[in-house]
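**Q** Sharing a structure, written as structure tokens. Questions coming.
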Amino acid sequence: MQHFVRLIFMLTLSIYFKPLIAQQDSTRAVPKNSPATQDELLRMALTATEAKYMTETEKDIIHIINIMRLDPPAFIERVVKSYPELVDEPKMRNSSYYKSLLKDLAAASPMQPLKPNEPLFRSARCHATESGKTGYLGHDRSQTCKGLQMYGGECCQYGTDNALGVVMQLLIDEGIESLGHRKILMGDYTLIGVAMRPHKTYRVNTVLDLGWAMPRNHIEPSNDKPSSLNKERYTYIKP
């Protein structure tokens, strides 16, 4: 199943933007002030190809998220609408969470693609590894991972070993009233680290840690400043 879903993903990449060129304005769904044409959107999405510290599946997760972020309406047509049949769950279409995803993507403006970040990857890898060893389910980091903890937004997913499944389950966010995972993936983050590791209870777990690149004029808060500012140490990451 994993190889089949990856094949579907690669085929989607190869045909994703081509039909849009003839049907729509060439600058549609390009982030504001970007000189990119529709032809360049696919290249913009593939930000993790050179991230040698991640597996192909981990890279694919980033690329799928970026496709969604760069062109939400097209992602609906080419991915979301066909997903229930792809995973043989046609009743998914009746889910209020699935329907709300369609609405949110249809109303969304284009977002900048996420770039891979090794410190965020190490942060995600530690939590995925430690959670997998004990069978833990949740967001609290172990003492082993405290020193590596570095993120502004975090998503954890369990039991799915293919990239498209991980992304779609987080976007649909079935049963999560706050839609926290969806909001994070559609948020204003700029950097991401993804780690998929074995899990004692759920066979596999995936952790996504997201953050923002440190502004050039950013000044690290000193110890005598209010603690509310100290969170910047963990949300702004050096590229």
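The values are calculated or read from the model by the stated rules, or taken from the named source; none is laboratory data. Here the structure is a predicted model, which is why all the values come from computation and not from measurement. Cβ coordinates were reconstructed from backbone atoms using ideal geometry, including for glycine residues, and neighbour counts include every protein chain displayed. Heads up: the accessible areas ignore ligands, DNA and RNA and are worked out on the full protein's heavy atoms, side chains in. Shrake-Rupley method; radii C 1.70, N 1.55, O 1.52, S 1.80 Å.
**Q** Taking a 1.4 Å probe, which of Thr206, Thr57, Thr134, Thr190 shows the most accessible area, and what order do the others take after it?
**A** Putting Thr206, Thr57, Thr134, Thr190 in descending order of accessible area: Thr134, Thr190, Thr57, Thr206.
**Q** Follow-up. Rounded to the nearest 20 debye, what is the charge dipole size of the range 68-128 about its Cα centre when +1 sits on each Lys and Arg Cβ and -1 on each Asp and Glu Cβ?
**A** 160
**Q** Okay, moving on. In nm, what is the difference between 0.36 nm times the number of residues separating Leu86 and Lys52 and their Cα-Cα distance? Don't jump to the answer; show the numbers that get you there.
**A** Values: separation 34, 0.36 × 34 = 12.24 nm, distance 2.96 nm.
Length gained, Leu86 through Lys52: 9.3 nm.
**Q** Here's another thing I want to ask about it. Using r as the Cβ-Cβ distance of Asp140 and Leu179, and R0 as 22 Å, what FRET efficiency do you calculate, to the nearest 0.05?
**A** Given R0 = 22 Å and the Cβ-Cβ separation, E is 0.55.
**Q** How would the range 102-224 be classified by its alpha-carbon gyration tensor: rounded, prolate or oblate, with rounded meaning a/c under 1.5 and the a/b versus b/c comparison settling the rest?
**A** oblate
**Q** Roughly how much of Arg197 is accessible, in Å² to the nearest 10, using a 1.4 Å probe?
**A** Here the accessible area works out near 60 Å².
**Q** OK, next. Checking the a/c ratio against 1.5 first, then a/b against b/c, what shape does the Cα gyration tensor give for the range 49-110? Walk me through the numbers before you get to the answer.
**A** Details: a/c = 2.87, a/b = 1.54, b/c = 1.87.
Oblate, since a/c reaches 1.5 and b/c is not below a/b.
**Q** While we're on this one: Along the principal axes of its C-alpha atoms, what lengths does the range 106-172 span, in descending order and rounded to whole Å?
**A** Principal extents (Cα only, largest first): 41, 24, 17 Å.
**Q** Roll a 1.4 Å probe over the protein heavy atoms and report the accessible area of Ser82 in Å², nearest 10.
**A** Its heavy atoms expose roughly 60 Å² to the probe.
**Q** Also, I was wondering about something else. Expected output is a single nm value to one decimal: the length gained when fully extending between Ala106 and Asn94, i.e. 0.36 nm times separation in residues minus the C-alpha distance. What is it?
**A** 2.5 nm
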